[in-house]
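Asker: First the structure, which I've put down as structure tokens, then a few questions once you've had a look.
The values are calculated or read from the model by the stated rules, or taken from the named source; none is laboratory data. As the structure is a computational prediction, the values presented were derived from the model and not from experiment. Neighbour counts run over all protein chains shown; Cβ positions are idealised from the backbone, glycine included. The protein model used for the area step is the full one, side chains on, heavy atoms only, and it has no ligands, DNA or RNA in it. Shrake-Rupley method; radii C 1.70, N 1.55, O 1.52, S 1.80 Å.
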Amino acid sequence: MEDITTLKSWQRPLHRLVNSNAFTTTIIILILINAIIVGVETYQGIYENNRAFFFAADRVLLWIFTVEIALRLLASRNIKSFFSNSWNWFDFIIVAAGHIFVGAHFVTVLRILRVLRVFRAISVIPSLRKLVDALLLTIPALGNIFLLMSIIFYIFAVIGTMLFQEVAPEYFGNLQLSLLTLFQVVTLESWASAVMRPIFEELWWSWIYFVSFVLVGTFVVFNLFIGVIVNNVEKAENADEEVKDTHKEVTELRKEIQELKELIVKNSDEK
């Protein structure tokens, strides 16, 4: 959030408006209405009989969101300041795309763009925005975990192909099939009944392979993912608190400086 003292006098009311709870709540409600309308459009019978209504509702919502973006742009210090925030870029592109493709003959493209507007709930709701920011911070840290998981997958896929290629060629016939099978196993989707048990009937010791992979791949690696994400969420929350504290301290410091200036001017006048 920008410091309101750096804005021009005509921008301050706009800044208070676009950052007010009432304004944010209104935009969230309109995003939800947009989501409901897009959902109802998937029922072909309703859509075909009310095509004009859906088109008009989409136009109205698009122009409301356009006005919202314009107000937020005017309430910023300058254009550069507005677009320095990646969430503002996200909002601007989604709304602008609705205008750019308004005359397109691809109905599917237009519908997808309407659905994408629901994503704006993330940029409008601060708690969701904070969560997504925290998830983005995890991407560099997840690189090593992905590397570790790739090594584990590759080793188990090669071993599985060697052990079960003849018993279950549909699952372990080659390296690609083995990797796909292990992906199914790691998601715990019917891995025991569909994959392990048919092989277990032929090779009683095969359970050792599958249980080992589930323990390592699912419980260990996935817990690493969760640990990294939780750690970064905490970091993001702490960073946000530090920014708020710094902003508060700067505001108090400016107030004290202003009081000192007034005191110095007053003393000068008395002399």
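Asker: Go over the candidates ALA56, ALA35 one by one and state the one that is modelled with pLDDT of 85 or more, in a helix (DSSP H, G or I), out of contact with any Asp or Glu (no Cβ under 9 Å at 6 or more places or on another chain) and under 17 Å from ALA121 (Cα atoms).
Answerer: ALA35
Asker: Next question, about the same structure. If you take the residues of the stretch 206-223 that are of a type outside the set (A, V, I, L, M, F, W, C) and closer than 18 Å to VAL158 by Cβ, which of them is surrounded by the most Cβ atoms within 10 Å (Cβ to Cβ)?
Answerer: This residue is SER206.
Asker: So if I check each of LEU147, LEU137, LEU180, LEU175, which one is in contact (Cβ under 8 Å) with a residue 40 or more places away in the chain, on the phi < 0 side of the Ramachandran plot and open to solvent by 40 Å² or more (accessible area, probe 1.4 Å)?
Answerer: Criteria check complete, one pass: LEU137.
Asker: Of everything in the stretch 183-197, what is open to solvent by 70 Å² or more (accessible area, probe 1.4 Å) and either part of a helix (DSSP H, G or I) or within 16 Å of ILE208 (Cβ to Cβ) (or both)? Give them in sequence order.
Answerer: PHE183, SER193, ARG197
Asker: Kindly check whether there is at least one residue in the stretch 236-249 that is exposed (fewer than 11 other Cβ atoms within 10 Å of the Cβ) and either within 19 Å of VAL185 (Cα to Cα) or at pLDDT 75 or above (or both).
Answerer: no
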